[in-house]
Structure formats: structure tokens, C-alpha cells
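Notes follow the structure.
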Amino acid sequence: MSSTTRDRRRARRYALERELAPHVDPAWTEAVLLELRIQGVAGELIGEVLGEVDSHCAESGEDAREAFGDPIAYARELGLPPSPAQRPAATVRGVLPTLAQLAGMFLTLWSVPGLASAGAVEITVGQALAAVVAATALLLFAGRPEPVLRGIVRRPVLGTLAFGAASAALVVPLLLLQRTLVVLPATVTVAAGLALLVLGVVVELARARRPDDADPVVAPLQDEGAVARRRRVDGRVRLLGVLLVPAWTVVVGLLLWWLAG
């Protein structure tokens, strides 16, 4: 890989860090930003912290690591309060629409084979147990996300493997616990699944359109145009996240319909 290509990738990776603190090593800025985000600190408050560090480094000529030490330790020593929107209760409430989407997705996909053959849907003990475990894990993560997020940030490869292993473990009850719990008409279950899916998407889209729900990291007295641009980018990312589950449901559902046919 040429040095020019590496420089371009580095510039893209640290674009936000250089914008917020142009006189600070972007890797140091990134570490502080990530740690404060994991703590749930509001974006404006993070921008103030980075602005103060940048001003000190610009005036004194010191390196941020020399002046403030290890970035993660510095972020923790600040003791900044979490944003009200990032508190456990608010986070759990915020994840409920995602739970509705996931429940709708699974119920819809389980219904497709029965719908294709004009038959019924058998909900097994394993399916019900896997759904309960997945929902419980998501709620626990929403209530206490810091340990998981720190693990993913510090050891991304290990975090990815752990997530893959946990996802694969959900398949075990599906294979071993196949006793039928309830039998329902496929039209009823697919209608219920689609209703849950649509409900979750509508609620998420309504939240994504609220300007006060976004929390971008902005520096004090930053240009309004730059702030508006960052909000638009954050909005697009959130929109993609909202549409991910329904898009996956459509793709897998069409595949299951084709296989059942």
C-alpha cells in the first residue's frame, strides 16, 4: 500500500477529530471521544472538552499526551455526567422499537414456509426460547452497554468472534427443542409479524426525524453549516439502521418463499 493511499485513509478516518481539535493528535482525540461516548456523555459536552484541549495545545505547543496523559484515563478522570437520553431507563425505552422489529422479523420469516404452502405455522419451544433469550440479551445490553462497548472498541476481533459465537448459540435451542408449542394459521402469524415490523419502523422513523433526538459531537462556536451537515450525516446513518431489519426480512423472506415453492 502506497504512502499516499495510507494518508488518504487516515484523513478520512480522522476527519471528525481534525475538525474538532486540529492541533491535537487525532488518535488521541479519537480515544477520548470514544471513551466519552461509551460513558453516554452528550455530544456538545464532548465538543467542549476537546475544544479546551485543542486551545491548550495550540497556545502552549504541548502534545496532548504530554499535557493530559493517557486519553482514556483523562476521559474517565473528568467525571462528566451522562446525557439524560443515554441513561439506562431511556436507553431501554429506546430499544423497544428495535425489539418490536426483531419480533416481527422472526415471526414473519417463520410464517413464510407455511404461507407458501397454504398451511399452518408451528411455533416450537426452541423458537420461543431463542426469542426470549435474544430479547433479554438486548435489554441487558441497553441497560448496561459500557462493558460490551469497551470490549468491542479495545478488542474488535475478539468482540466480533464473541458476538458470532453468541449468535450461533441461539441456533442450539432451535435444533434441540423442536416440540411444538402452538399451531397457528400462517395468515395470522404473518399478519402479526408484519404489524410488529411496521410498528417498530414507524416509531424509529418518527424518532429519527426529531431534531432534538440527534446528538452529534460539535465544538463550541462551530459553524452552523458544519453542524447542520453533521446532523444530516447522522440522520442518514440512523435511517439506514432503521431500514436494516425490514430490508433483511424482505430478502430472507423472498428466499424462503422460493425454497418453499
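Mind counting the residues in region 223-258 that are of a type outside the set (S, T, N, Q) and modelled with pLDDT of 80 or more?
The number of residues fulfilling the criteria is 15.
Mind listing whichever residues of region 111-125 are part of a helix (DSSP H, G or I), buried (at least 20 other Cβ atoms within 10 Å of the Cβ) and either on the phi > 0 side of the Ramachandran plot or in contact with a strand residue (DSSP E or B) (Cβ under 6 Å, 6 or more places away or on another chain) (or both)?
Within region 111-125, S111, G114 qualify.
How do the helices (runs of 4 or more DSSP H) wholly within region 126-211 filter down when requiring 1 or more residues that are within 26 Å of R93 (Cβ to Cβ) and modelled with pLDDT under 70: which remain?
Hits in region 126-211: 146-154, 156-169, 186-208.
The values are calculated or read from the model by the stated rules, or taken from the named source; none is laboratory data. Since the model is a prediction, treat every value here as computed from it, not as a measurement. Cβ coordinates were reconstructed from backbone atoms using ideal geometry, including for glycine residues, and neighbour counts include every protein chain displayed.
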